[in-house]
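To start, the structure itself, in C-alpha cells.
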Amino acid sequence: MELVQMTPSRTQAFGAAATQTSDQTRQFITCTLGQAEYGIDIMAVREIKGWADTTALPHAPSWIRGVINLRGIIIPILDLRARFGQGDTEPTPMHVVVIIQTGTRTAGLLVDAVSDIISIAPSDIRPVPDVSTDAPESLLSGLVPLDRGMVALVSLDQLLCFPADAALPAALASDA
Amino acid sequence: MNFDHLRTTYFEESAELLESAYSHLAALSENRADDDTVHALFRAIHSIKGGGGAFGFDRLVALAHVMETLLDLLRDGALAFDAQLTGLLLRGTDMLADLVAAERDGNTLPPGVEAELANAFGQAASKGGAPQEIKASVAALPSVPTEAASGWHIHFRPHPALFRNANEPLLLVRELRRMGPVTTVVDLSQLPTLDLLEPEDAYITWNFTLEAAVPRAKVEDVFEFVADDCDLAIVPIAEAVFAGDASEITEEHSPALVQQRAVSRTDTPAAQSVRVDVGKVDRLVNLVGELVINQAMLVQLGGQLPPDLCPGLIAGLETLSQHLRELQDGVMAIRTQPVRSVFARMPRLVRELTAQLGKEARLIITGEATEIDKNVVEQLADPLTHLLRNALDHGIEPPDTREAAGKPRVGTIHLSAEQRSSRIVIELNDDGRGIDRARVLDRAKERGLIAPDAVLTDTEIDELIFLPSFSTASVVSAVSGRGVGMDVVRRNIQALGGRIAVESRFGSGSRFLLSLPLTLAVMDGLVVSVGADSFILPISAIVESLRPAAADIQNLPDRRAVLCIRGGYVPLLPLHQRLGVRGAVTDFSRAIVVIVESDHGGRLGLVVDDLVGQQQVVVKSLDANYGPIDGIGGATILGDGRVALILDIPSLAAGGNVPPSDPQPAFETSASLH
Amino acid sequence: MAKIVLTVDDSRSMREMVAFTLRKAGYEVREAEDGQKAIAILQTARADVIITDLNMPVMDGVALIRALRADPKHRSVPILMLTTESNEAKKAEGKTAGATGWLVKPFDPEKLIDVVKRVSP
C-alpha cells in the first residue's frame, strides 16, 4: 500500500523550527497515535506504506522494531509510540509506516494512521516546555494549537539518533 | 566534456603513468629489466610531459623534459644504466609525482625545489653527449622573426616528391588566401608531355603575390611542412625583384641523415581494455545483486509448486541460477584490480623513511598482480602505509644495532599478496626486532587495559597492540607518532570485511597478516534459523556442522558449554543468547552446532536451531541508515523479500564468552557486551 | 559530411585534448591508442586526417606512417605527427617515413585546427 510519494529534498530537519524567523508557512503531515496527533515535516517524508513484518535487530531498544527492505536498501523502523514511552504498538496491516529521510539517513516511523496535511506559519508554533534531555518531550521541536486540539511537531534529527551510533567504541573494544 | 573533465583525465592518467614508471624503475633496480623497460619508462615520462604541456604545467614539463633527455640517451645506448642513474630517475619520478600532485591539488611547491634534480639530470645527460639544457623546454620556443612588409611575393616550386607525403599545394594557396588577397601566376613550363608524366609527381611552379601586411614568419608557417620538398622564396613586395634562380635564396635545408633505427618492438601487447566509469560498474553490480534476490525469490516460489506440475520450470530456474552466477562473477571481475597500484606507492615510502630515520632497508614486493575489489585496493593504502611506517620505525633497527645483533645492516621488508580461495591474503614481514612482549604487557597493565595479574599467551600479548590508544613508542617519533594506532589499522581492515593478525618473534621480526574478502558485494552464505529469525553465516568461515549428542556437551566451571569433538573441546556459543532471540531451541542436543573458524584458527561452535540452506547473498550495509551492531556484519535480502542479518564471526567470537546464566535480554539496549 | 580525424596516441589525455578541440571545430574524431589499433580502425573506417604520436607501445608512430604509406589506399591521407621540440631526429625520421606535417607539443588548440586545415581539403 503506497499512498503518497514525494521527493526528498530538504535534508535539514527542523530542530530550529521554533526559532525560525522566516515568514514562510511549512507543511506537515499529521499522524495519530491513539488520540494524540504528531506533525512530520512534509519535506522529509519520502513515502507512506502499510505495515509489513520487520527483521529484529540484536541489542536494539524496544522502540526499534527492526529493519525492512525498501527497494534494495535496508532501513530501520521505529515504533513512534514506544519511542515516546507509551508502550509498544501491536501492529496490524492497518497500521502505517511513514518513510522519512534526514541527512543521509532513511528510516520508517510506525504510527496508527496518517490523518492530515496542515500548513503552519512559524508564528503558530509554540515552544516545548523545558524538560530534561532524556524525556520524550526532547524529541519534539514545537507545539501547534489547532481548533481540534494540539499537534506536536517531531524533531526528526533527534528521532534518528540510534543507540548504535554511540555503541561503536564499545563494539570495537569488544574485539580485543 | 569540458576542460575540467580533461584535467581529471590527465591526473588520472598521470597517476597510472607514475605507477608504471615506478614499476619499471623497480625492474631496472632489480636487474629484471628488458629492452622494453626503458622504452616504456620513456613513454610514461613523455606522456606526463605531453599532457602537462597542454595545461601549462611548466614546472613539471621542465622536469619531465630533462628526465626524458636522459632516458632518450639510455634508450639509444649512449648511456648505460647504473645504480646511480636509477636512483636519480627514482628521485626525479618522486619529484614529478609531487609536481603533478601540486597541480592537481592547486598547491604550489616552493620555487626551485626541483632545480637541483634538474641539474643532476642535465649533468648525467651531458655525459651521454647531450648538450646541457638550462632552460625549460617550454621556454625554448624559437624566437619569432619580426620582419614585416606590406605584402609578399612568394616563389614556390615543389620538388617532384612533394606529393609523396600527402601535401597539397592547393591547400597552401587556400591558407594564404585567408591572410589577404592573393594573385597567383602558375608556371607550367616544367610540365612534361603526357607520356612522360608521373601522375604522383609535382610539376607546377607557383608565384603568389600576397597583399597583406603579415609577418614573414606567418608566411613561412604556411610552407612549414613542405619547406624541405620545394624551392621557396619569400620576398617583401617593396623589393619586388625576383631572383633569377629562386633556389639561391632558398635557405638550404640539409637534414642530417638519420640512420633508421630498426623498430623491433616486442612489447607484449597491452591487455585490451576499456575505461568505464566506476559509477556505471557499481550500478551493474547493484542490478546483478537485485537479480540474485529475484532469482532466490523465483526458486523459492518454484519450490512450492508440485515438481511434476511444470518440470521445465525447475530446470529453467536451475539454468537461470547458473547463468546468473556466471554473470555475477563476470561483473565482479570488472571491479577487481591488481594490488599493484597500492603496492607501487610503498617503495617511495621506504626510501623516504629510511633516509629520515637513518636506517637501511630494502623492500621486496611479490604478488602485486593479485586482483582484489577496486574499493578494497583504494582503501588498503592507509593501513599498509601505517604498517610499513611502523615496521621501519619500530621494527627495523638502526644499521649498527643490527650488525651488533649479527644481522645484515640492511633490513628486509617483504610485502606480498596472494589469493587463497575467496580471500586475498596480504603479508608484511620484517626482519626487525619483533614485538617486545614484556614491554607491551607492562604498557597494557599500566594503561589498565588488562588486569595487573593477568596471564596472557604470547599471541594474546601480541594482540594487545591492536587495542585502541595503545602505542609502545615511548618517544613519539615524527614518523609513527601521528596519533594513529594499530587499532585504527584494524578498524580500517575490518571495515573492508577483513581481518588482521600479527605473529612475532622477539629479536627476529614480525609478520602481519591481512585477510580480505575478494569482493565486498556478494558472498556465499549458509542460512540458519534461530527462533523465528534467519541469519546468514559466511560459508568461508564454516568448518562443519553437526547435531551434538548430549553426552558430548560439558560445562566449564564458569558454566560456559564446550563440545567434545574428536577428542578436543570447542566452546559453544548459543546464538539466541548472544543475539537475544526469543523462542529458540535451548536444549543443545536438539539444536545444530555450526563449527566456525576465527582468525587464528581458533574454533567456535555456534548453536542454531536449524540449517535452512545455502545461497549467494548480496551484502547490504546496515551502517548507512542505522549503525554498526556487535556480532553483525551486514544484512541481505532473502528470496521472500525479508531482511536477514549476516553474522560477523570475528566479533561474535570476541564477545562470545557469555555465560549461560547471564543471557542478553531480548531487545534491551546493551553497550556492555562482554 | 563532417571530416573525420583519427587521433593515435597512447596517452588518453592527449587523445581527449585533440578530440575535444577538433570536435568543437566540427570534426568527427576517432581514437586509437597505438599504431596497430589505428590500422585496425582504418581497415573498416575512413579518416580524412591522421594525427599520430611518435612514441607509442606496440606500434609506434613512425612504423604506423610507414605502414600507411605502403598501402595505396592511404598513400594520400594527410598524416600529422606529434613531436616534441627536442626531437629533430625523430621528426626527420617521421618525415622520411611519409608524414605530411607535424605539431609540436604542447600545441594550442587554434594551432591544431590551423594545421589540420592546412593539410586537409
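The values are calculated or read from the model by the stated rules, or taken from the named source; none is laboratory data. The shown structure was predicted, so the numbers you read here are calculated from the model rather than taken from an experiment. Using ideal geometry, Cβ is built from the backbone for each residue, glycine included, and neighbour counts are taken over all protein chains shown. Protein only, heavy atoms only, side chains kept; ligands, DNA and RNA dropped before computing areas. Shrake-Rupley method; radii C 1.70, N 1.55, O 1.52, S 1.80 Å.
Treating r as the C-beta distance of A:Gln35 and A:Thr104 and R0 as 30 Å, the FRET efficiency rounds to 0.30. With the simple spin-label model, which puts each label point 7 Å out from Cα in the Cβ direction, the B:Ser508 to B:Asp221 separation comes to 7.3 nm.
Take the Cα of B:Glu30, step 7 Å toward its Cβ, do the same at B:Ala83, and the gap between the two points is 1.7 nm.
Relative to the current alpha-carbon distance between B:Gln337 and B:Met297, full extension at 0.36 nm per residue lengthens the span by 11.2 nm. Residues of the range C:46-62 whose accessible area, computed with a 1.4 Å probe over protein heavy atoms, drops by at least 50 Å² once all protein chains are present relative to their chain alone are C:Asn55, C:Val58.
Under the simplified labelling scheme, the B:Val173-B:Leu191 pair shows an inter-label distance of 1.1 nm, with each label point 7 Å from Cα along Cα→Cβ. For the range B:3-140, the residue among B:Gly50, B:Val66, B:Asn31 whose Cα projects farthest onto the positive side of the dipole built from Cβ charges is B:Val66.
Rounded to 0.05, the FRET efficiency of the B:Thr184 and C:Ala40 pair, given R0 = 45 Å and the Cβ-Cβ distance, is 0.60.
Please compare each pair in B:Lys49/C:Lys24; C:Lys3/C:Lys24; B:Lys127/C:Lys105; B:Lys49/C:Lys117; A:Lys49/B:Lys280; B:Lys218/C:Lys105 to a cut-off of 22 Å on the Cα-Cα distance and tell me which ones are over it.
Distance filter (> 22 Å) returns B:Lys49/C:Lys24; B:Lys127/C:Lys105; B:Lys49/C:Lys117; A:Lys49/B:Lys280.
Element breakdown for the range B:523-609 at a 1.4 angstrom probe: carbon and sulfur atoms account for 48% of the accessible area. Loop-resident trypsin sites (Lys or Arg not before Pro) (DSSP state other than H, G, I, E or B) in the range B:493-589 with no more than 12 further Cβ atoms inside 10 Å of their Cβ: B:Arg559, B:Arg566.
Taking the Cα atoms of the range B:296-420, the ratio Rg/Rh between the radius of gyration and the Kirkwood radius comes to 1.36. Rolling a 1.4 Å probe across the protein heavy atoms gives the range C:4-119 an accessible surface of 33 Å² per residue. Buried surface between chains B and C: roughly 4200 Å² of accessible area, summed over both sides, computed with a 1.4 Å probe on protein heavy atoms only.
Chains B and A together bury some 3100 Å² of accessible area, summed over both sides, with a 1.4 Å probe. Going from the chain on its own to the full set of protein chains, the range C:92-121 has these residues losing 40 Å² or more of accessible surface (heavy atoms, 1.4 Å probe, no ligands, DNA or RNA): C:Glu93, C:Lys95, C:Thr100, C:Trp102, C:Pro106, C:Lys117, C:Arg118.
Charges were assigned to the Cβ only: +1 to each Lys and Arg, -1 to each Asp and Glu. The resulting dipole of the range C:4-119 about its Cα centre is roughly 380 debye. Which FRET efficiency value, to the nearest 0.05, is calculated for B:Ala451 and B:Arg283 with the Förster distance at 51 angstrom and r the Cβ-Cβ distance? My answer for the efficiency is 0.45. Shown for the range A:50-93: residues covered by the partner protein chains by 30 Å² or more of accessible area relative to the chain by itself (probe radius 1.4 Å), namely A:Thr55, A:Ala56, A:Leu57, A:Pro58, A:His59, A:Ala60, A:Asn69, A:Gly72, A:Ile74.
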